[in-house]
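The values are calculated or read from the model by the stated rules, or taken from the named source; none is laboratory data. Because the structure is predicted, anything quoted here is derived from the model rather than measured. Cβ atoms come from the backbone with ideal geometry, glycine included; neighbour counts cover every protein chain shown. Surface accessibility is based on the protein's heavy atoms, side chains included, excluding ligands, DNA and RNA. Shrake-Rupley method; radii C 1.70, N 1.55, O 1.52, S 1.80 Å.
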Amino acid sequence: MRAYAARRLLALIPTIFFASLIVFITLRMVPGDVIDLMLAQNDIAAGAKDRAQLEQALGLDQPIYIQYFRWVGGVLHGDLGRSLWQNTPVLDQILSRLPITFGLGFLAILIGLIIAIPIGIYSALRQDTIGDYVMRSMSILMLAVPAFWTGTMVMVFPAIWWGWSPEIDYIPFLQDPVGNIRHMLLPSLILGMSLSAITMRMTRTMMLEVLRQDYIRTGWAKGLSEWTIVTRHALRNALIPVVTLVGIQAPLVIGGAVIIEQIFVIPGMGMLLLEAVTQRDYPIVAGVFLVVGIAVMLINLVVDLSYGMLDPKVRFS
């Protein structure tokens, strides 16, 4: 397993390189220019001399390939650059926002699994019953309704009908753990319900496949209880594709968190990314994509390594 993990970690290097190159170049192709925004905000006429001085001060006067390799050199030394607007280290801003987004994502995935796995198991055990049809309809509904629409409706309609709206004052976890969880619970629930739909259907499908295996029929013939058959024999084998699905959902969680954080005013990496894109703050956008990309790749590596815990027959080669 160690050799497999080492090979996977080495394989991340070219992936991260090409991903960072694509992001770096794509950012420069977005319509609008940070120099124009700065000059417009300060009511300065966009003269050629002013632009040249500002570009030189921000390091944007160099060709794009020189900017890229200079940024990569800083990354290799743990420096993601400085914000073009605040002149603060990008790494400090990301590290202050990273736990918030990851906390939201962890809660969303956890809630999604708590919803999806029991319902998927029940739906498989009660195949083609009324309960199965109801649960499958619920999963289709949650799959069809995007999380950002649900979040918007939760923010708007309760305020109109009952004069109530979710709290928008973020409370740091270390300052008040209970208050932090209470604030994060609703957006995590909305995001988790959206994620649970496909996980629920995958759990049902895999449980149905496993329950038709010969060793499961042998267990029924020996008189084992339904609880024993499900928990000790069927579930572990059925969960392997579900665990894979959780790994695939990691980037979806982070992508969905961008909009959810904006709706519920959560100061995570999603808010930081939106502000940076609006202001064309290239170092922050590149830094966020780099950190998120590395995190997603590591999550998928952990998911792959977890196969051996769920199924001893799995061998890493």
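Odds and ends about this structure:
- Only Lys, Arg (+1) and Asp, Glu (-1) charged, at Cβ; the stretch 172-317 dipole about Cα centre in debye: 660
- Computed from the Cα positions only, the extents of the stretch 163-260 along the three principal axes stand at 58, 29, 25 Å, in decreasing order.
- Rounded to the nearest 10 degrees, the inclination of helix 64-76 to the longest alpha-carbon principal axis of the chain is 60 degrees.
- Candidates 11, 147, 116: whichever shows maximal mean-square fluctuation once the chain is modelled as a Gaussian network with Cα springs under 10 Å: 11
- Highest to lowest packing among 72-79, 291-298, 269-276, scored as the average C-beta count within 10 Å: 269-276, 291-298, 72-79
- Here the chain is described by how far its Cα atoms reach on the three principal axes: 86, 58, 36 Å, from widest to narrowest.
- Within the accessible area of the chain (1.4 Å probe), percent carbon and sulfur: 69
- Relative contact order for the chain: 27 percent, from Cα pairs under 8 Å spaced at least 6 residues apart, divided by residue count.
- Each part gets one Cα centre, and for the stretch 248-292 versus the stretch 159-201 those centres are 18 Å apart.
- Within the chain, helix-based [θ] at 222 nm, where runs of 4 or more DSSP H residues each add -39,500 (n - 2.57), nearest 500: -26000 deg cm²/dmol
- Charge dipole (the chain, unit charges on Cβ, about Cα centre) - positive-most of 14, 110, 225: 225
- Normalising the average separation of contacting C-alpha pairs (under 8 angstrom, six or more residues apart) by the number of residues puts the relative contact order of the stretch 194-300 at 22 percent.
- Amide H contacts under 5 Å for residue 82: 90, restricted to partners 5 or more places along the chain or on a different chain, H placed in the peptide plane at 1.01 Å from N.
- Å² per residue, accessible surface of the chain at 1.4 Å: 56
- Stokes-Einstein D in µm²/s, Kirkwood radius over Cα pairs - the stretch 79-135 at 37 °C with 0.692 mPa s viscosity: 223
- A cut-off of 5 Å between modelled amide H atoms, ignoring neighbours fewer than 5 places along the same chain, links residue 171 with no other residue.
- The stretch 1-129: relative contact order as a whole-number percent, Cα under 8 Å and 6+ apart: 10
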